[in-house]
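In what follows, a single structure is set out as structure tokens and then discussed.
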Amino acid sequence: MDITVPPEVEDLARRTRDFIGDVVIPVEEEVGGSVHAAPDELRRSLQKQASQAGLLAPHVPKEWGGCGLDVRGQAVVFEEAGYSLLGPLALNCAAPDEGNMHLLEVVASEEQKEKYLRPLALGEMRSCFAMTEPAPGAGSDPSMLSTTATRVDGGWRIDGRKWFISGARGAGFAICMARTSGAPGERGGATMFLVDAGDPGLRIARDLETLDEGLFGGHSEVIFDGCVVGPECVLGEVDRGFQYAQVRLAPARLTHCMRWLGLARRAHGIAVDWAATRRSFGGLLGDLGMVQQLVADSEIDMAASRALIRHTAAVLDGGASGGTESSIAKTFVAEAVNRVVDRAVQICGALGVSGDVLLSRYLREVRPFRIYDGPSEVHRWAIGRRAIGQRRRAIEGGEQPRWQRGKEGPS
Ligand SMILES: Cc1cc2nc3c(=O)[nH]c(=O)nc-3n(C[C@H](O)[C@H](O)[C@H](O)COP(=O)(O)OP(=O)(O)OC[C@H]3O[C@@H](n4cnc5c(N)ncnc54)[C@H](O)[C@@H]3O)c2cc1C
């Protein structure tokens with residue numbers, strides 16, 4: 001795996017770092033990292049400045065208005081963007097738009113790309129991805145999908161209720177997953193639909209109050225009620241929605257890891273500087289072995305996270321689906337960034353939970369990452385099943401079980 005960073009990516013990362021420090025962090029501090037209900041003017045102003053600095057949409061191919069980075073390049077630049085809670089928004093590489101841009105790039109028709117991908121990449125509109133439903137609908141188990149799309153004269157009629165739809169308020173369109181065959185609890189077929197904001201069949205029922213406040217537009221409950229769309233609104237092919245969800249999910253969970261690693265690095269930096277300057281018990285906090293251990297464990301967590309992210313990025317750039325690698329990276333990094341930010345709060349003592357630094361805001365922001373894009377338990381379940389399933393098939397195919405002494409085959 002080639003994980004060397006080319007000079008042009010180094011340059012983009014360095015310019016991103018400067019932009020985040022000079023332009024974005026002052027805005028982040030002004031709003032306390034809280035943008036769920038921020039005015040769209042804030043987003044537009046940040047993205048305009050990023051565009052002028054040549055930093056907008058680093059992940060989008062140049063033909064659609066971005067910088068054209070591959071996944072390995074994104075790993076380096078997104079970490080720099082994530083150093084501020086508002087960095088990904090400023091560079092237009094925040095969830096859910098970033099994942100939606102990738103999905104559109106891979107699956108959409110040329111007309112759909114012109115209508116949705118180009119303005120999304122240029123920051124002229126935002127979007128949302130509507131998959132999760134309140135119980136008993138789709139959550140960790142997508143086969144519970146209950147929202148339906150039925151054929152009607154002139155297209156499709158969508159009915160259902162979605163929740164935790166990030167960025168729905170203010171979005172120009174939604175990508176909605178709806179069942180087009182089978183029944184809830186069966187796999188069956190799902191289809192993705194592009195639904196424009198303002199459609200009379202689409203409305204926001206409420207904005208959810210959540211632990212995090214750093215995602216622009218917040219998270220909403222959304223209702224599709226007799227929402228009729230034309231055949232041109234089908235994204236890709238009918239009944240292939242579950243496969244397309246995988247196209248979106250593996251890279252999207254990795255880009256989350258990249259961004260949150262940047263924020264963990266920021267939190268850790270604050271804590272290390274506190275340990276290096278705060279005097280206690282006749283010396284510095286940083287002279288104490290237990291504080292050194294907290295710092296060392298965070299250094300190890302971040303280095304291991306970065307290595308897993310860059311390895312998985314190389315796998316994805318190589319054309320593989322990277323399902324197992326991205327599950328491993330997502331599980332480890334989601335938990336590691338929580339540990340790093342939590343340790344940073346601990347090292348800083350009362351300062352860490354005060355509003356004088358944004359550490360407690362960061363702690364609240366990283367916590368939900370252990371749940372969305374697959375809870376840790378679901379990824380562990382998938383990783384374990386795959387590892388055991390692979391060996392079971394090999395043994396059924398004639399290989400000796402490796403527990404039989406003296407008969408180990410190739411590993
Ligand atoms: C901040 C945030 C933003 C989100 N944004 C979006 C969005 O934009 N669009 C969207 O569609 N969805 C979004 N979601 C929803 C998210 O994808 C779901 O929360 C996630 O898929 C889990 O589904 P659930 O919440 O229904 O949990 P459930 O499926 O009810 O699971 C609850 C818990 O049960 C355990 N569990 C579940 N399955 C297993 C298993 N197989 N083995 C062991 N334990 C298991 C896990 O601990 C899990 O956390 C968001 C969620 C959050 C928190």
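Read the figures in this text as sums done on the coordinates, not as results from a lab. This is a predicted model, so every value here is computed, not measured. Every residue, glycine as well, gets a Cβ built from its backbone with ideal geometry; the counts of neighbours run over all protein chains shown.
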Inset, instruction - Could you work out, for the stretch 1-84, what percent of all Cα-Cα pairs fall into each 5 Å distance bin, beginning at 0 Å and stopping at the bin that holds the largest distance? - result: 3, 14, 24, 23, 18, 11, 5, 2, 0
Legend entry - Value at 222 nm in deg cm²/dmol, rounded to 500, when DSSP H runs of n ≥ 4 in the chain each add -39,500 (n - 2.57): -15000 deg cm²/dmol
Inset, instruction - With 5 Å bins from zero, work out the P(r) of the stretch 252-381 over every alpha carbon pair and list the percent per bin. - result: 2, 12, 21, 19, 17, 12, 9, 5, 3, 1, 0, 0
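Are there any GluC sites (Glu not before Pro) in the stretch 201-247 that are in a DSSP loop and have at most 16 other Cβ atoms within 10 Å? List them by number. If you can, show how the numbers build up before the last one.
Details: sites: Glu209, Glu213, Glu221, Glu232, Glu237; in loops: Glu209, Glu213, Glu237.
Taking the stretch 201-247 and a limit of 16 other Cβ atoms within 10 Å, the loop GluC sites (Glu not before Pro) found are Glu209, Glu237.
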Legend entry - Stretch gain in nm, segment Ser140-Arg380, where the contour uses 0.36 nm per residue and the Cα spacing is subtracted: 85.1 nm
Inset, instruction - Enumerate by residue number the GluC sites (Glu not before Pro) in the stretch 313-401 meeting two conditions: DSSP loop (anything except H, G, I, E, B), and at most 14 other Cβ atoms within 10 Å of the site's Cβ. - result: Glu399
Legend entry - GluC sites (Glu not before Pro) lying in DSSP loop within the stretch 99-176, provided at most 14 other Cβ fall within 10 Å: Glu124
Legend entry - Cβ-based exposure ranking for Lys113, Lys162, in which fewest neighbours within 10 Å come first: Lys113, Lys162
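Sort 339-345, 26-32 for me by packing, meaning the mean count of neighbouring Cβ atoms within 10 Å per residue, highest on top.
Working: 339-345: 23.0, 26-32: 14.9.
Averaged packing, sorted descending, gives the order 339-345, 26-32.
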Legend entry - Sorted peptide list for 382-390, 178-186, criterion being average Cβ within 10 angstrom, highest first: 178-186, 382-390
Legend entry - Cα principal axis extents for the stretch 209-275, largest first, Å: 60, 27, 15
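Mean 1/r over all different Cα pairs, inverted: what Kirkwood radius does the stretch 272-339 give, in Å? Kindly include the intermediate steps, with their values, before the conclusion.
Numbers: mean 1/r = 0.0722 Å⁻¹.
Mean inverse Cα-Cα distance, inverted, gives 13.9 Å.
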Inset, instruction - Give me the Debye-computed log₁₀ of I(q)/I(0) at q = 0.29 Å⁻¹ for the stretch 1-42, equal point scatterers on Cα only, no solvent, two decimals. - result: -0.97
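Full-extension gain between Val31 and Thr150, please, as 0.36 nm times their residue separation minus the C-alpha to C-alpha distance. Present the calculation step by step, with values, prior to reporting the outcome.
Numbers: separation 119, 0.36 × 119 = 42.84 nm, distance 4.39 nm.
Extending this stretch completely gives an extra 38.5 nm.
Please report, in whole Å³, the volume per residue of the convex hull around the C-alpha atoms of the stretch 262-306. Mind showing how you got there, number by number?
Working: hull volume 2.3 nm³, N = 45.
Cα-based convex hull of the stretch 262-306, divided per residue, equals 51 Å³.
What is the Cα radius of gyration of the chain over 2.2 N^0.38 Å, N being its residue count?
Values: Rg = 22.4 Å, N = 411, 2.2 N^0.38 = 21.7 Å.
Taking N as the residue count of the chain, the ratio is 1.04.
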